[in-house]
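Just dropping this structure here.
The values are calculated or read from the model by the stated rules, or taken from the named source; none is laboratory data. If you're wondering where the values come from, they're calculated on a predicted model, not measured in any experiment. So basically every Cβ, Gly included, is an ideal-geometry build from the backbone, and we count neighbours across all protein chains shown. We work out accessible area using only protein heavy atoms, side chains counted, and drop any ligands, DNA or RNA first. Shrake-Rupley method; radii C 1.70, N 1.55, O 1.52, S 1.80 Å.
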Amino acid sequence: MVDLINLVQTLTTPHPLDRYLELVRPTLTAREMRAEIIRVDRSVPGSVTLTLRPTRQWKGHAAGQYVQIGVVINGVRHTRCYSPVNPAGGRGRHLQLTVKAHPEGLVSQYLARNATPGMVVDLEQAAGVFRLADPRPERVLLISGGSGITPVLSMLRTLADEGYPGEVVFLHYAKSPEVVPHRAELDAIAKRHSNFRIELRHPWRPDTTGVDTSAPWVDVATAKSSGYFDYDELERVAPWFADAHTYVCGPQSLMDSVRKIYEAEQLDDRLHTEEFTLSLTPIDADEAFGTVRFSASGVAADNSGAPLLEQAEAAGLTPEYGCRMGICFSCTAVRRTGCTRNLRTGETDSDPDQPIQLCINAPVGDVDIDI
C-alpha cells in the first residue's frame, strides 16, 4: 500500500496527492492527518469545547499528552498545541479539546467564534512526556489552575474509566465556578468513585450565577483555606503526598509554588509538570550584537537579541512553528555556526551543526541558522 501511495505521489508531482484528494473531501487524505469537528459546545464562558473525528491515521493519545492542530485564517495556516480532555483512547476514539479564548490568542479566538460542525482542521499525532506513570502508582495527586485543567482532566477521566482502585485527589484553581469546564463529568466522577476526591478553589463571593456550588466535589475558599496553594493546603488535601505521584499544570505562580515545596521535601522525582506558559530568562543586552544569517534563505539581519523565531519572522521568513514555548519542537532548525542561549535554562551552546528550537533560543553574537 505504501509503495502504491509513493507511486501515485510521484505521478501527481508537483502537488502532493493530498491536495487533489481534499478537493473531493477535506478529510480524504493519503498521508496527512486531519479531523472533522462534529460537535461544538460554548456553554462555559470564555472557552469552547470541540469534539473531533480524526481521519484513519490517528493513533490515539495517552492522558496528559498534547496534539497540534492547524487552521487557516485569512489564507494563512496557523498551528497551536492543545491537550485533549477526554480519557485516553485508541484509533477509534473521538478527540475532545477545550480551548480557552485568550485575549491575544489568534487561533483560540478564531475557534471560539467560528468553529462549527463540519469544519476540518489539520491534526498531528499526540506527543509529550506529561503522562500518567505506567504501571499506575498507588496514589495520585492532580493539581491544575485555569486552562491547565485540560491534560489533568484527561488523567482523571482515564483513571475513572480504568476503575483505578487507589486514592486520587484532584485540586483545581479557578477564578469562579462557572468558568470550570466539564463540571458534569467531575460531578459524576465524584459520585461514582468514593476513592476520588475532587475539590475546587476560587475566591469566595456570594453566588449570583445560578451555578450549583453544593455539588459534592466543590470546596470554595473558606476560613480553613486561603484559596491559594501552599504547604498547609497540600497537607490538608493530600497528607500522603510524599508517597504519591503528583501531576501539575497551570499558571506559572501555581507551578512555582508546587515545585518549591517538592524541592524542599526532596520529592522532585515524584513531581510531573506541564508548562503552558513560557518563563524566559532575561535577555542580556550585551549579547544583542552581530548578524543572524538564515543561510538556506540567503537572508541576514542585525541581531536584536530576540528569540530566533521572532527574528526570522521580522526578517520576512515564515518558519514552521506550533506552541512558541518549547514544547512541540515544530520550529526546530539546525544552528550551523555561532552561539545561542536557551531562554528557558539560561545555558549557552556553540557546538556546530546542532538542532535547536527557534522559539526558545536567542543568538549570542553572530549565528548561522539553516532556514
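In whole percent, and with a 1.4 Å probe on the protein chains, what portion of the accessible area of the range 49-159 is carbon and sulfur? Please report the intermediate quantities before stating the final value.
On the way: 2150 of 4380 Å².
Percent of accessible area from carbon and sulfur atoms in the range 49-159: 49.
Right, another one. Residues of the range 161-187 with the amide nitrogen closer than 11 Å to a label point 7 Å from the Cα of ARG136, along Cα-to-Cβ, please.
Counting only backbone N, you get 161-168.
Given 4 °C and 1.567 mPa s, how large is the Stokes-Einstein diffusion coefficient of the range 104-149 in µm²/s, with Rh as the Kirkwood radius over Cα pairs? Please list the in-between numbers first.
Details: Rh = 14.7 Å.
It comes out at roughly 88 µm²/s.
Taking only protein heavy atoms and a 1.4 Å probe, what accessible area per residue, in Å², does the range 116-169 have with all protein chains in place?
Numbers: 2040 Å² over 54 residues.
So the range 116-169 comes to 38 Å² accessible per residue, rounded to a whole number.
Right, here's the next one. How much accessible area does THR348 have with a 1.4 Å probe, in Å² rounded to the nearest 10?
Surface open to solvent at THR348 totals about 80 Å².
Considering only DSSP states other than H, G, I, E and B, which GluC sites (Glu not before Pro) in the range 232-316 qualify as loop sites with at most 15 other Cβ atoms within 10 Å?
On the way: sites: GLU233, GLU235, GLU263, GLU265, GLU274, GLU275, GLU287, GLU310, GLU313; in loops: GLU265.
Taking the range 232-316 and a limit of 15 other Cβ atoms within 10 Å, the loop GluC sites (Glu not before Pro) found are GLU265.
Please report Rg (one decimal) and Dmax (integer) in Å for the Cα set of the range 253-371.
Calculated on Cα positions, Rg and Dmax stand at 15.9, 52 Å.
Taking every pair of alpha-carbon atoms in the range 317-371, give the share separated by more than 16 Å as a whole percent.
Summing the P(r) tail past 16 Å for the range 317-371 gives 35 percent.
For the pair GLU162/ASP232, report the inter-label distance in nm, with labels modelled 7 Å from Cα in the Cβ direction.
Going from the GLU162 label point to the ASP232 one covers 3.5 nm.
First measure r as the distance between the Cβ atoms of SER297 and THR55, then evaluate 1/(1 + (r/R0)^6) with R0 = 35 Å and state the FRET efficiency to the nearest 0.05. Show your work: numbers first, answer last.
Working: r = 33 Å, r/R0 = 0.93.
Approximately 0.60, to the nearest 0.05.
With charges set only on the Cβ (+1 for Lys and Arg, -1 for Asp and Glu), what does the dipole of the range 256-371 come to about its Cα centre, in debye to the nearest 20?
Working: 9 positive and 21 negative charges, 45 e Å.
Here the size comes out at about 220 debye.
Taking Cα pairs under 8 Å and at least six residues apart, what relative contact order does the range 235-361 come out at, in percent?
Answer for the range 235-361 is 19 percent.
Moving on to the next point. Measure of size requested: the Rg and Dmax of the range 38-128, with Cα atoms as the atom set and Å as the unit; please supply both.
12.5, 34
Follow-up. Which GluC sites (Glu not before Pro) does the range 121-206 hold that lie in a coil by DSSP with at most 13 other beta carbons within 10 Å?
Working: sites: GLU124, GLU138, GLU162, GLU167, GLU178, GLU185, GLU199; in loops: GLU124, GLU138.
Qualifying residues, ordered by number: GLU138.
What FRET efficiency, computed as 1/(1 + (r/R0)^6) with R0 = 25 Å and r the Cβ-Cβ distance, is obtained for LEU317 and CYS339, rounded to the nearest 0.05? Walk me through the numbers on the way to the answer.
On the way: r = 21 Å, r/R0 = 0.83.
Here the calculated transfer efficiency is 0.75.
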